[in-house]
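Worksheet: one structure, shown below.
Computed from the coordinates by the stated procedures, all read-outs in this text should not be read as laboratory data. Remember, it's a predicted structure, so these values are computed and weren't measured experimentally. Glycine gets a Cβ as well: all are built from the backbone with ideal geometry, and neighbour counts include every protein chain shown.
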Amino acid sequence: MTKNGPYLSVVVPVYNEQENLDELICKCLLVCNSIERPYELILVDDGSRDRSPEIISNAVFENQGKVIGVFLNRNYGQHAAVMAGFEESKGEVIVTLDADLQNPPEEIPKLINEIEKGFDVVGSVRLNRADTIFRKLSSFLVNKTVQKATGVMMHDYGCMLRSYRRHVVDAMLMCHERSTFIPILANSFARNTTEIEVRHDKRSNGKSKYSLWKLVNLQFDLMTSMTTFPLRLLSVIGAVISITGMGFGAFLFLMRLIYGPRWSAQGVFTLFAILFIFIGAQFIGMGLMGEYIGRIYKDVRARPRYFVQQVLGRGIQKQGSSLELLNNKSRRSA
C-alpha cells in the first residue's frame with residue numbers, strides 16, 4: 001500500500017456519458033466498498049459537453065474522500081484522459097474502466113484477486129461481446145497486429161477494464177511520447193502479465209464515441225507508437241515491386257523481339273497499370289513516412305499531453321494546473 005494513501009484507485013475516463021454516470025458511480029462505490037480496503041474513484045471528465053461535469057461534481061461532494069473529479073479543459077481522447085487519471089491516482093493497484101457500463105464494475109474484484117497473485121498487469125477478455133460486427137472485426141485486426149508487433153499474446157487489447165501495479169503506472173507517466181496506447185505501453189514495463197475473462201454488456205444508453213474515423217486514427221496510433229515494422233515492410237514491398245517491374249519489362253522486350261512492334265503496342269494499358277502500381281506504392285510509403293515524421297514533430301515540441309482545469313475531492317481544490325508528464329514527480333511529492 002502506498003504511504004498514507006488508498007490501496008485501490010479506479011480510473012474512469014468520461015466523455016458525454018450523462019445517461020450512464022449515476023448508475024456507474026453507484027455501482028463502482030458498491031463494489032469498492034465490498035472490497036473492504038481503502039480506495040478512491042477518479043472520474044476524469046474529458047471535455048464533456050453534456051451534464052457529465054455537473055454529475056461528477058455532485059458525486060465528489062456527496063462522497064468526500066472517496067470520489068475525485070478531474071476536469072480537462074477540452075477533449076483530448078480516451079488515453080490522454082486515462083493518463084490524467086493515473087497522474088492523480090495514489091493507489092498501489094490501479095484499475096481502469098470505461099464509463100459506458102459495457103464492462104460491468106462488478107468485475108473489478110476479479111482483477112484485484114488476480115493481480116494479488118503477483119502479476120504486474122492484468123488484462124481482460126470480453127465474453128460474448130455485445131458489439132456490432134464492424135467493431136468486432138476491427139478489434140480482431142487490432143489485436144492480431146499488436147500480437148505480431150509486440151510478441152505479447154494478449155487477446156483483447158481494446159478492453160479498458162484492466163489493472164496495473166503502481167510501479168507500472170509510474171513508469172508510464174515518465175514516458176515522453178504523446179501518441180500513447182496504454183495497454184501496449186504497460187506491457188513494455190510489466191514482468192508478469194495475464195488475462196481473465198469478464199462479462200460484456202450491451203450499451204443501454206448513449207452512443208459509442210469511437211466513430212469510423214477515430215478507429216482509423218487508433219490504428220495509426222497503434223502502428224506508429226509501438227514499432228517501425230511498417231517502414232521496413234515498405235522497403236521489402238518496394239524491392240518486390242521493382243524486381244517485378246524489371247522482370248515484366250524484360251518480358252515485354254523479349255516478346256517484342258519475337259513478335260515485332262505490333263505485339264508490344266497492345267501492352268500499353270498494362271504498362272499504365274504497372275505505372276499506377278508504382279505511384280500507389282510511393283504514396284503509401286510517403287503517407288507512412290509522414291505519420292512517423294508528424295509524430296516526431298509533436299514529440300520534439302514537448303507540449304503537455306493535456307491540461308487539467310480543475311481537480312475536486314483532494315481537500316484543496318486545484319485549478320488551472322498544467323500537467324506536463326515529464327515533471328510529474330514534483331507534483332506527486334508535494
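First measure r as the distance between the Cβ atoms of Asn128 and Asp22, then evaluate 1/(1 + (r/R0)^6) with R0 = 35 Å and state the FRET efficiency to the nearest 0.05. In this case the efficiency is close to 0.85. Applying a DSSP loop filter and a limit of 12 other Cβ atoms within 10 Å to the GluC sites (Glu not before Pro) in region 16-62 leaves Glu36. Around the amide H of Ser124, modelled in the peptide plane, lie the amide H atoms of Ile196, all under 5 Å away and 5 or more residues distant in sequence or on another chain.
For the pair Arg37 and Val240, label points projected 7 Å from Cα toward Cβ lie 4.9 nm apart. What translational D, rounded to a whole number of µm²/s, comes out for region 27-75 from Stokes-Einstein when the hydrodynamic radius is the Kirkwood one over Cα pairs, at 20 °C and 1.002 mPa s? The calculation lands on 186 µm²/s. The simple spin-label model puts a point 7 Å past each Cα toward its Cβ; for Ser188 and Phe283 those points are separated by 3.2 nm. Net charge in the neighbourhood of Ile42 (other residues with Cβ under 12 Å of its Cβ; Lys, Arg +1, Asp, Glu -1) is -1.
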